[in-house]
1. I need a count of the residues in region A:94-130 that are under 18 Å from B:ASP86 (Cβ atoms) and either among the small types (Gly, Ala, Ser) or more than 7 Å from every other protein chain (Cβ to nearest Cβ) (or both).
2. Looking at region B:43-98, which of its residues are of a type in the set (S, T, N, Q), more than 12 Å from the chain's Cα centre (by Cα), within 15 Å of DNA strand D (Cβ to nearest atom) and farther than 17 Å from B:GLY24 by Cα?
3. With B:ASP3, B:ASP86 as the choices, which residue is assigned to a loop (DSSP other than H, G, I, E, B) and among the acidic types (Asp, Glu)?
4. Out of A:LEU73, A:LEU67, I need the residue that is farther than 14 Å from A:ARG19 by Cα, in contact (Cβ under 8 Å) with a residue 24 or more places away in the chain and not in a helix (DSSP H, G or I). Which one?
5. Quick one: which of A:ILE55, A:ILE49 is of a type in the set (Val, Ile, Thr), more than 16 Å from B:GLU123 (Cβ to Cβ) and open to solvent by 70 Å² or more (accessible area, probe 1.4 Å)?
6. Against the definition (over 21 Å from A:PHE90 (Cα atoms), away from DNA strand D (no atom under 13 Å from the Cβ) and either of a type in the set (D, E, K, R) or modelled with pLDDT of 95 or more (or both)), how does A:ASP3 come out, yes or no?
7. State all residues of region B:22-42 that are free of Cβ contacts under 8 Å to residues at least 60 places away in the same chain and away from DNA strand D (no atom under 11 Å from the Cβ); if no residue qualifies, say none.
8. Look through A:LEU39, A:LEU8 and report the one residue that is within 14 Å of A:ASP81 (Cα to Cα) and in a helix (DSSP H, G or I).
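The values are calculated or read from the model by the stated rules, or taken from the named source; none is laboratory data. From a predicted model like this one, the values you see are computed outputs, not experimental measurements. Here Cβ is always computed from backbone atoms with ideal geometry, including for glycine, and neighbour counts include all displayed protein chains. Note: accessible area is taken over every heavy atom of the protein model, side chains too, but ligands, DNA and RNA are not part of it. Shrake-Rupley method; radii C 1.70, N 1.55, O 1.52, S 1.80 Å.
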Number of protein chains: 2
Amino acid sequence: MNDIKQFLRSNALRPTKQRIVIAGYLFDGTDKHVTAESLSTELAKRKHIISLATIYNTLHDFYENGLLKKLTLSADRVYFDTNTDDHHHFYSEKEQFLIDINKNIKVNGLPKTPKNKKINKVEVIVHLDK
Amino acid sequence: MNDIKQFLRSNALRPTKQRIVIAGYLFDGTDKHVTAESLSTELAKRKHIISLATIYNTLHDFYENGLLKKLTLSADRVYFDTNTDDHHHFYSEKEQFLIDINKNIKVNGLPKTPKNKKINKVEVIVHLDK
DNA sequence: ATATCAGTTTAGAATGATTCTAAAGTGTTG
DNA sequence: CAACACTTTAGAATCATTCTAAACTGATAT
């Protein structure tokens, strides 16, 4: 609890009740993939009612501070990933199935980067089913 | 023109005025990345006013028939790609910059596919800037 | 040719995730 | 504990996309 407060403070985030609850859930040691909606549902199960606006705000605050990764897998919702290490994903749109690939993947044969651009990250999505 | 009609018919799509115009634009020989909005704008420039609903319908019809690929790069719009070969992309969200990587890319070190799942495709997105 | 009908197009409404607004609430600092 | 900047929130607004259901049109049979 005080750990969480310190954790938030050390990321320039004021430790409000809501952020403490959300951080407590998200950063409990197990990697998680959440959407605003799924997070809201999970917190509600735990009797923590936090407005959706705050959930969106908080996810973005955490994201801006590098505490979460943002995943764009489907056009109709944004996933946030608590695993901020460089990694990739298996993804099944049909089944909402999403798991990390932590194993070291190498992408070979990339052409040279377009002029005046810099590579931010190389993302590999392994689409399943269909 | 008759080519386009045949092309549509051979894909089980009735060659309507609108589909002929859209196919004529999309499949003119140069690879294109479009969104419903950008397609609508391009056609309007050419004095072809087609309702957005039809543009959405047509893009999906073409997609369902394998004439287009769907790209999920950003959460706020869907891109369709006239290049249906297996390929990858450079992408800059900030600049709406999107180009094909046709070169043969190899992804090594993938872990084994989750039980009872099948790989549909391996997608590599090289994110630029940030 | 023409009637017929399934497949299409369309305007406008509806949807749904996300963002915005602006008013009320709350950490933090002195 | 005063004062203020930062947060939270309900509800409205936004925006891409989908839906609805009425009008339209390509294909087929006569």
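1. As a first pass, look at region A:94-130 and keep what is under 18 Å from B:ASP86 (Cβ atoms): A:105, A:107-111, A:122-130.
Those left that are additionally either among the small types (Gly, Ala, Ser) or more than 7 Å from every other protein chain (Cβ to nearest Cβ) (or both): A:109.
Looking only at that region, the number is 1.
2. Matches in region B:43-98: B:SER74, B:GLN96.
3. On the way: B:ASP3 fails: assigned to a loop (DSSP other than H, G, I, E, B).
Checking each option against the conditions leaves just B:ASP86.
4. Numbers: A:LEU67 fails: farther than 14 Å from A:ARG19 by Cα.
Exactly one of A:LEU73, A:LEU67 is farther than 14 Å from A:ARG19 by Cα, in contact (Cβ under 8 Å) with a residue 24 or more places away in the chain and not in a helix (DSSP H, G or I), namely A:LEU73.
5. Working: A:ILE55 fails: open to solvent by 70 Å² or more (accessible area, probe 1.4 Å).
Sole residue among the options that is of a type in the set (Val, Ile, Thr), more than 16 Å from B:GLU123 (Cβ to Cβ) and open to solvent by 70 Å² or more (accessible area, probe 1.4 Å): A:ILE49.
6. Yes, satisfied.
7. So the first thing to find is which residues in region B:22-42 are free of Cβ contacts under 8 Å to residues at least 60 places away in the same chain, and the list is B:22-30, B:32, B:34-42.
B:ILE22, B:ALA23, B:GLY24, B:TYR25, B:LEU26, B:PHE27, B:ASP28, B:GLY29, B:THR30, B:LYS32, B:THR41, B:GLU42 - these are the residues of region B:22-42 that are free of Cβ contacts under 8 Å to residues at least 60 places away in the same chain and away from DNA strand D (no atom under 11 Å from the Cβ).
8. On the way: A:LEU8 fails: within 14 Å of A:ASP81 (Cα to Cα).
Among A:LEU39, A:LEU8, only A:LEU39 is within 14 Å of A:ASP81 (Cα to Cα) and in a helix (DSSP H, G or I).
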